[in-house]
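Here the structure is laid out as structure tokens; the discussion comes afterwards.
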Ligand SMILES: Nc1ncnc2c1ncn2[C@@H]1O[C@H](COP(=O)(O)OP(=O)(O)OP(=O)(O)O)[C@@H](O)[C@H]1O
């Protein structure tokens, strides 16, 4: 369990990125932080692994203040996936994945064998193991980024816009893959995105942030869609957008969902 206890962060230049933010992320759940650029999402995420220390307030992992932990050890015990994969360009895929386990003391050979298994687990052909990150597609790089974050078997996975740099089709595939992995691995995930559809698809709970890291609304995706807290949330989630308002029509005995422009989006199961 991760707890943000009334955390604030003011950067040296004077920017108040986050103020008095509190949130509990239950174990084995995915919480998506969603908000526009500059709403403090990355700052909050980095407080968990101490890449950023709050100006005030505390972050606890399983009741322990992260500030009492050694920052390097803490970071190695938490999986972290970045938008650009954050892979080391001069190391092969297998060595990228094995890096943290080796730093944690796993023998290199064992770490490499485990890395190959992890590659398969994230849906990659082990044949890519010997390639360098620059020889992979964007989607493959992101899969390697996920494999690397999972390699030391962390309880917590922090994901910062991990699928932001790939095209919509690959993005959808990666989202499905993450849902599948999560159903097997049961991690505690904090997922940062500015894409509300992604947040709704992946988050057990979604936190909508406005500027200054202020919570506009939190809840299950269905709750937020059903009852946006205010105009900001309504605008942000696009609840008024034609393509989000669905109606149904009957065609040949089946119920078809159509969007506000009359385009079919799916069939309702009987
Ligand atoms: N190291 C820093 N020094 C000074 N200001 C910073 C620093 N990091 C972030 N900020 C500022 O804090 C605010 C929040 O930034 P943060 O990166 O947390 O937002 P974000 O919601 O993740 O944005 P994005 O979606 O663009 O990544 C912004 O105004 C940003 O300019």
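Data overview
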quantity: One residue from 122, 81, 94 being in the same structural domain as residue 165 (by TED's automatic domain parsing), under 28 Å from residue 1 (Cα atoms) and out of contact with any strand residue (DSSP E or B) (no Cβ under 7 Å at 6 or more places or on another chain); calculated: 122
quantity: Close pairs from the range 217-228: first closer than 14 Å to residue 32 by Cβ, partner assigned to a loop (DSSP other than H, G, I, E, B) and modelled with pLDDT of 90 or more, Cβ under 8 Å, at least 6 apart; calculated: 217/228; 217/229; 217/230; 220/204; 221/203
quantity: Matching residues in the range 165-176 - criterion: being modelled with pLDDT of 90 or more and buried (at least 17 other Cβ atoms within 10 Å of the Cβ); calculated: 175
quantity: Selection count where residues are assigned to a helix (DSSP H, G or I), within 25 Å of residue 7 (Cα to Cα) and within 16 Å of the ligand (Cβ to nearest atom), scope the range 198-232; calculated: 2
quantity: Subset of the range 110-164 that is within 16 Å of the ligand (Cβ to nearest atom) and not in a loop (DSSP other than H, G, I, E, B) - its residue that is surrounded by the fewest Cβ atoms within 10 Å (Cβ to Cβ); calculated: 160
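The values are calculated or read from the model by the stated rules, or taken from the named source; none is laboratory data. None of these values were measured; they are calculated from a predicted model. Neighbour counts run over all protein chains shown; Cβ positions are idealised from the backbone, glycine included.
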